[in-house]
Every structure is written in C-alpha cells, then in structure tokens.
1. Out of 169, 134, I need the residue that is among the acidic types (Asp, Glu) and in a loop (DSSP other than H, G, I, E, B). Which one?
2. Got at least one residue in the range 106-124 being part of a loop (DSSP other than H, G, I, E, B) and out of contact with any Asp or Glu (no Cβ under 7 Å at 6 or more places or on another chain)?
3. Being on the phi > 0 side of the Ramachandran plot, modelled with pLDDT under 90 and of a type outside the set (A, V, I, L, M, F, W, C) is the requirement here; does residue 126 meet it?
4. For the range 137-156, enumerate the residues that are surrounded by fewer than 19 Cβ atoms within 10 Å (Cβ to Cβ), in a loop (DSSP other than H, G, I, E, B) and among the aliphatic types (A, V, I, L, M).
Amino acid sequence: MSTVATMRPAATVFREEQCFDWKVYALIPAFELLVGGGLIWITPNGGGLATFLGSPWSLQFFLAILTGLALPVVLAIFLLRMTTEVTPSRVRIWFGWTPAYPREVMIDNIRKVSVVRFRPIREHGGWGIRQGPDGERVLTARGDQGVRLELEDGNRLLIGSQRPQELADSIRRAMQPLIA
C-alpha cells in the first residue's frame with residue numbers, strides 16, 4: 001500500500017467582500033448614454049437616430065451595442081467588487097468576481113499592522129486601485145476606514161475595509177508564531 005501526501009489549502013480566517021458605493025454603479029448608465037449619444041451624433045451625414053438605427057451593421061451601431069452591453073458586464077465582473085482574505089500564511093486582495101488585479105502579501109513580510117481612517121478623495125483621488133502621493137499602494141472599494149500594512153521591504157499597503165478592526169486582528173493573529 002502506498003501513501004500519498006496531500007496538502008490541504010490554508011483555512012481562511014477572515015473574508016470580506018465589498019461592493020462599491022451605489023454612486024459608482026449609477027455612473028455606468030450615465031457613461032453609456034454619453035457614449036451612445038456621441039455615437040449617434042457622429043453618424044455620417046448627420047442623419048441622427050433614424051440613420052443610425054436604419055443601418056444596423058454600421059460601425060457606429062456595432063460600437064454602441066458593444067459599449068451598451070459589454071462595458072457594464074466587464075466592469076461588474078472585473079472591477080466593481082473587492083474581496084479581502086486572510087489565511088494563516090497570507091493576505092489576499094482582488095477586485096471583481098474573478099480575481100482581477102490580485103495582490104498577495106505573505107504574513108512573514110508584514111512588519112506592522114494598524115487600523116486607520118483616511119480621506120479617500122483628498123488623499124488618494126478616490127476609491128479603487130490607487131497609489132498615494134508617498135508611493136503607498138491603496139486598495140479600497142468604499143468608506144474611509146482600513147488597515148495599513150507596513151512591509152519588510154519598506155513599502156506600505158492600505159486595504160479599505162468595513163470591518164477594519166477584525167481584519168487587523170486576523171492579520172495580527174496570523175503573525176503570531178505557532179506554539180507547539
């Protein structure tokens with residue numbers, strides 16, 4: 001009889017999923033209307049909506065449909081959701097329903113953890129994937145609270161959270177050496 005060694009995945013000790021503020025979602029149809037109106041406006045011969053809709057295989061019609069249908073799906077799937085996970089060995093953050101822009105920090109590389117309040121627009125130009133003026137990487141979806149990680153290499157990472165104390169406590173517990 002042979003023995004096969006398997007590795008179990010590390011258990012998640014903290015998980016938070018955040019959606020962006022409703023105002024961000026409201027900007028999507030506004031942007032679509034603006035783009036759609038612009039495409040109709042540039043229709044050849046100034047024919048307006050009748051000319052635009054009268055030639056369903058025109059480039060403008062194709063671009064309007066693509067923008068109207070694909071852009072919201074792409075934004076929703078790849079960007080407009082932020083997930084943060086802490087396992088005993090790493091902190092993982094990604095945007096979207098699929099892991100778009102994954103960021104991973106090994107627990108061993110974290111020097112300091114602190115709960116912070118920040119001003120997203122004034123300090124980082126808003127929410128999302130940002131970089132502060134001092135080079136700090138900022139990953140936020142909503143609100144003005146988060147956890148700042150100071151890393152061994154001197155870099156800093158700010159993770160936005162609706163539960164910052166719980167996130168910080170989970171990271172600190174993972175940083176504690178195991179006592180056997």
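The values are calculated or read from the model by the stated rules, or taken from the named source; none is laboratory data. Since we're looking at a predicted model, the values are computed, not measured. Reconstructed Cβ throughout: ideal geometry from the backbone, glycine too, with neighbour counts over all protein chains shown.
1. Exactly one residue qualifies, and that residue is 134.
2. No, that holds for no residue.
3. Yes; evaluated as a whole, the condition is true for this residue.
4. Across the range 137-156, there are no qualifying residues.
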